[in-house]
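Read-outs: derived from the displayed coordinates by stated rules, not from any lab. What you are looking at is a predicted structure, and each value in this text was computed from that prediction instead of being measured. Reconstructed Cβ throughout: ideal geometry from the backbone, glycine too, with neighbour counts over all protein chains shown.
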Amino acid sequence: MGSRISGSFGAPVAGDFGDDYIFNYYNLALAAKYYVLSREFGRGLYVRGSAGFGQLTTKRFDEEANFYRHQYALGTSLMGGIGYTVPLKGFSLGLETEFESASRSGTVDGLGDTTFRSGQVGVNVVVGF
């Protein structure tokens, strides 16, 4: 049992049509990890589940119109993962894949206040100490 924070934070990127794009995301969650075969923390195959809270922000600056189109939302997410951990001297190294499903409420240009669902699949390298 524990907590987990994950995020993706980006600096503005210049697009092909004279616009800039910014994307920020974070999630803070309570998590549980269970080592299926070894039943020893930090060794072998595991499954992980998390429930958390996070935010998502995207902005696209349209230089021609001198206007930011944005999406900002807060909400909850559920995550599940499966991975494998190898214990090393003084730390452990793991590789996992995870799926996240989130429901967020926020404001989107052109739509106003809205609620929407999103998800992602990822691969993580996990260093434990």
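Quick rundown of the values:
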quantity	calculated
Scattering curve values for segment 2-128, log₁₀ I(q)/I(0), Debye with Cα scatterers, q = 0.21, 0.22 Å⁻¹	-1.16, -1.22
Ascending count of other beta-carbon atoms within 10 Å, so fewest first, for ILE5, ILE82	ILE5, ILE82
³J(HN,Hα) computed for each position of segment 20-26 - Karplus, 6.51 cos²θ - 1.76 cosθ + 1.60, integer Hz, glycine/proline x	10, 10, 10, 9, 9, 8, 8
Normalised contact order of segment 2-128, rounded percent, pairs of Cα under 8 Å and 6 or more residues apart	18
Test item: Cα-centred dipole of segment 2-128, Lys/Arg +1 and Asp/Glu -1 on Cβ, debye	900
For LEU30, net neighbour charge (Lys/Arg +1, Asp/Glu -1) across residues whose Cβ lies under 13 Å away	+3
Of GLY128, GLN71, SER8, farthest towards positive along the dipole that unit charges on Lys, Arg, Asp, Glu beta carbons give the chain	GLY128
Rounded if a/c under 1.5, otherwise prolate or oblate - segment 49-104, Cα gyration tensor axes	prolate
Amide H contacts under 5 Å for ASP109, placed H, 5+ residues apart	HIS70
